[in-house]
Structure formats: structure tokens, C-alpha cells
1. Once each part is reduced to its C-alpha centroid, what is the distance from the stretch 25-71 to the stretch 84-146 in angstrom?
2. Say each of Leu73 and Arg3 gets a label point 7 Å from the Cα, pointing the same way as Cα to Cβ; how far apart are those two points in nm?
3. Can you return the aspartates and glutamates within cross-link range of Lys96? Criterion is Cα-Cα under 12 Å, with same-chain partners fewer than 8 residues away left out.
4. Please get the size of the charge dipole for the chain, origin at its Cα centre, with Cβ charges of +1 on Lys and Arg and -1 on Asp and Glu, quoted in debye to the nearest 20.
5. Hey, got a sec? Which GluC sites (Glu not before Pro) in the stretch 1-67 land in a DSSP loop and have at most 13 other Cβ atoms within 10 Å?
6. Sort Met173, Met63, Met1 by Cβ crowding within 10 Å, fewest neighbours at the top.
7. Mind checking which lysines have their Cα closer than 21 Å to the Cα of Lys12? Skip sequence neighbours fewer than 8 apart in that chain.
8. Based solely on its DSSP helices, what 222 nm [θ] is calculated for the chain when runs of n ≥ 4 H residues each add -39,500 (n - 2.57) and the sum is averaged over all residues, nearest 500 deg cm²/dmol?
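Since every read-out is calculated from the coordinates, none of them should be taken as a lab result. All values derive from a computational prediction rather than experimental measurement. All Cβ positions, even for glycine, are placed from backbone atoms using ideal geometry, and neighbour counts span all protein chains on display.
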Amino acid sequence: MTRYRITRYDPKNRNEKGYYAVDTWVSYCDIGKYYEGKALEVQEYLSIEKSYVDAILDILLNMNVEALEIVELDSCFTIEELYKELKEWGILLTSKEKKLLKDVVGKKEISLDETRTIIPLILRECLWCKLISRQPECILEFGYDLYTYITCSRIDKPLVKKAKKRGIYIEAMKGEYWIPLG
């Protein structure tokens, strides 16, 4: 099993210690702020969020994952609180997102379609959890600043290239270092 890091941060912009050396946006809360001379707009944020979802779903589909177990769920906001918070940044919850937020507490497992819905909610910090597949074995975890990690047997090169075209970079953990793929 290999641990992979999935981000919007181009590895070529990391310094010798591995820190990202470009001042860039890291969250939906940065919508409206200026980076490299232009304001982050809602559509740009949502486009990158979709790229994360598509890259992760491509990996899961390629591995033949059919469902994921929800582990260590942490959901401490009401739907109303989330709706109000996100609306301030120009992001509206879809009916599917509202339904999943309402139902997720009682769920033990989600389908890939529900996975497509839950990933943006996790990236927006509406909730947090690990998503695990037992067969094939796979662990999907989320960190701060849109860092996403997947531990699995492998990620095929065409998927790495497809993700890169979307602005998503996949790196593999080798020892203590992240190695860019593709």
C-alpha cells in the first residue's frame, strides 16, 4: 500500500523542505481575496473543487470501489449554520448536499454517488471523516488547506496525467518524502 497526496499545489513550487512557496488560496474562505493580482472567484473555487472530486472518483472507479465506509465522522454544524456560512462566500448547498448532511450521521457506508456529494462538503469543512473501502483496500483522508490523501495499492499513470490536466497533482510518499508523479 502506498500513501498518495492529492492537491491543487504544483510540486514544482515547493521549496527544498517541501513547503509550498507560492502565496495562494487554500479554502473557500479565500473567495474575494487577491492572489497573483486577481481575486479568487466562486466559479474558480468550485471548478477546482470539482477537479478534486473527479480525480478521486476516477481513482476509486479504477480500483472498482463500489462503496465507502464512513469512519470517525465529525459533524458539529447544523445545516442552517452551514448554509448561512457558505452563502456568505457565494456557495449554495444543493438539495443532494443538504440531504446527505441530514442523513450522514446515521450512515455507516456511502455509495460512489454519495461520495461525489460528500467530498465537496469535506473540502468546505462542513464535516470531517475518513472514507474506507475494505475490498479493495483503500483509505481516503482529508487535511487542512485542501490536502487530500489516499492510501491504496497504486494509482495508474493515466489517472495521474488526467488529474494534472485538471490542475490536480498526485504525489507518492516514499520514505519521508513526497515524490511527484506524472
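1. 12
2. 2.6
3. The qualifying aspartates and glutamates are Asp113, Glu114.
4. 580
5. Details: sites: Glu16, Glu36, Glu41, Glu44, Glu49, Glu66; in loops: Glu16, Glu36, Glu41, Glu66.
Loop-located and lightly packed - Glu16, Glu36, Glu41, Glu66.
6. The most exposed by this proxy come first: Met1, Met173, Met63.
7. List returned: Lys157, Lys161, Lys162, Lys164, Lys165, Lys174.
8. Estimated from H runs of four or more residues: -10500 deg cm²/dmol.
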